[in-house]
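*Asks:* Mind having a look at this structure? Questions to follow.
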Amino acid sequence: MELMLRKKNIIVCYSDSYKILLNKTKFRYSESWNYKFYRGEIFNNLIYTNFINWQTVLINKHIAKDSLFFNKKLNFAEDYDLLLKLSLKGRFDYLPHPLVYYRIHDNNMSRDVNLILHESLEIVRLYKDEIIKRKIDIDKIIGSIYGSIVIILYNQNKKIKARNYMHLLKRYKSIKNIIIYFALKFNLSFIFSNKLKILFKRIY
């Protein structure tokens with residue numbers, strides 16, 4: 001709240017947070033392989049992945065105005081869609097300190113891979129015109145989605161299902177997806193370990 005009051009031109013402020021896994025392991029969102037925080041005009045970064053934990057978000061309604069509504073057709077990605085809309089209207093800022101605890105459980109929508117995939121691709125469709133206007137590589141965005149899906153499945157010990165996406169990793173090539181592809185092909189499980197998160201953050 002103090003940051004929002006101090007920087008009145010900020011439309012959204014968010015922060016780091018703690019994620020608590022099923023085995024009660026705790027780690028910061030900022031330690032995740034695909035979460036790198038940005039401030040300022042962030043649409044070009046946010047369109048690749050939603051790195052903002054909605055529970056930490058504060059919105060300046062005076063700047064947001066008529067953009068402050070959810071897309072009722074979305075379930076998993078409704079907050080992501082709203083954040084993208086707001087990123088087109090103003091600047092974002094964040095606090096590096098974790099202010100929220102988020103517990104993962106079996107009923108989290110973030111574990112529903114089919115829902116995540118469907119609505120992530122729907123987000124790309126909804127913002128296609130803006131993506132093209134900004135000359136952002138749409139194939140790279142789609143490739144990032146499939147790479148994330150494979151990581152989720154692998155971390156859920158659904159390695160066979162993860163391998164079903166291998167042909168898509170080859171189609172939507174990126175350095176990250178090539179690494180994931182060969183990790184699956186040769187069962188290099190260490191690639192998905194916490195020790196290599198820094199590698200993924202650098203090439204994301």
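What follows is calculated from the coordinates using simple rules that are stated; it is not laboratory data. All of these numbers come straight from a predicted model, not from anything done at the bench. Here the Cβ is made from the backbone with ideal geometry for all residues, glycine too, and neighbour counts use every protein chain on show.
*Asks:* Counting only C-alpha contacts under 8 Å and six or more residues apart, can you give the relative contact order of region 58-154 as a whole percent?
*Replies:* On the way: 51 pairs, mean separation 22.9, N = 97.
In percent, rounded to a whole number, it is 24.
*Asks:* Now for a separate question. Over the residues of region 1-74, compute the C-alpha Rg and express it relative to 2.2 N^0.38 Å. Display every interim value, and only then the final one.
*Replies:* On the way: Rg = 14.3 Å, N = 74, 2.2 N^0.38 = 11.3 Å.
Compared with the compact-globule rule of thumb, region 1-74 sits at 1.26.
*Asks:* Quick check: the distance between the Cα centres of region 12-51 and region 69-102, to the nearest angstrom?
*Replies:* About 11 Å separates the Cα centre of region 12-51 from the one of region 69-102.
*Asks:* Go through Phe70, Leu126, Gln156 and say which Cα lies farthest out towards the positive end of the charge dipole of the chain; charges sit on Cβ, +1 for Lys and Arg, -1 for Asp and Glu.
*Replies:* Gln156
*Asks:* Among the DSSP beta bridges whose two residues both lie in the chain, what percent are antiparallel, rounded to the nearest 5?
*Replies:* Numbers: 6 of 15 bridges.
Around 40 percent antiparallel, to the nearest 5.
*Asks:* Ok, one more. In degrees from 0 to 90, rounded to the nearest 10, what is the angle of the helix 138-155 Cα long axis to the longest principal axis of the chain?
*Replies:* For 138-155 against the chain, the angle is about 60 degrees.
*Asks:* Measure nothing fancy, just the Cα-based angle from helix 175-185's long axis to the longest principal axis of the chain, in degrees from 0 to 90, nearest 10.
*Replies:* That works out to roughly 40 degrees.
*Asks:* Equivalent ellipsoid semi-axes for region 116-185, as square roots of 5 times the alpha carbon gyration tensor eigenvalues: give them largest first, rounded to whole Å. Please list the in-between numbers first.
*Replies:* Working: eigenvalues 113, 37, 11 Å².
The equivalent ellipsoid of region 116-185 has semi-axes of 24, 14, 8 Å.
*Asks:* Right, something else. Using only Cα atoms, tell me the angle between helix 113-126 and the longest principal axis of the chain; keep it within 0 to 90° and round to the nearest 10.
*Replies:* With both axes taken from Cα atoms, the answer is about 50 degrees.
*Asks:* Related question: Listing Val113, Val124 from the residue with the fewest other Cβ atoms within 10 Å to the one with the most, what is the order? Don't skip to the answer; put the middle values down first.
*Replies:* Details: Val113 18, Val124 14.
Ordered by Cβ neighbours within 10 Å, fewest first: Val124, Val113.
*Asks:* In region 1-107, what % of DSSP beta bridges are antiparallel (nearest 5)?
*Replies:* Once the DSSP bridges in region 1-107 are tallied, antiparallel ones form about 40 percent.
*Asks:* OK, next. Suppose a student asked you for the relative contact order of the chain, using Cα pairs under 8 Å spaced at least 6 residues apart; what percent would you report? Walk me through the numbers on the way to the answer.
*Replies:* On the way: 277 pairs, mean separation 47.5, N = 204.
About 23 percent, as a whole number.
*Asks:* Right, here's the next one. Could you work out the helix-only [θ] at 222 nm for the chain, with each DSSP H run of four or more residues adding -39,500 (n - 2.57) and the total divided by the number of residues, to the nearest 500 deg cm²/dmol?
*Replies:* It lands at -12000 deg cm²/dmol.
*Asks:* Do the alpha carbons of any pairs in Lys65/Lys173; Lys61/Lys170; Lys19/Lys85 sit beyond 31 Å of each other, and which pairs?
*Replies:* Numbers: Lys65/Lys173 39 Å; Lys61/Lys170 43 Å; Lys19/Lys85 26 Å.
Distance filter (> 31 Å) returns Lys65/Lys173; Lys61/Lys170.
*Asks:* With an 8 Å cut-off on Cα pairs and a minimum separation of 6 or more residues, tell me the relative contact order of region 1-107 in percent. Can you show the working numbers first?
*Replies:* Numbers: 173 pairs, mean separation 49.2, N = 107.
Reported relative contact order: 46 percent.
*Asks:* With mean projected area of the Cα convex hull in nm² in mind, check (i) 14.7; (ii) 11.5; (iii) 12.8 and report the label derived from this structure.
*Replies:* Step by step, mean projected area of the Cα convex hull in nm² for this structure corresponds to label (ii).
*Asks:* Highest mean first, what order results for 8-17, 71-80 on Cβ atoms within 10 Å? Can you show the working numbers first?
*Replies:* Details: 8-17: 19.3, 71-80: 16.0.
Highest-to-lowest ranking by the protection proxy: 8-17, 71-80.
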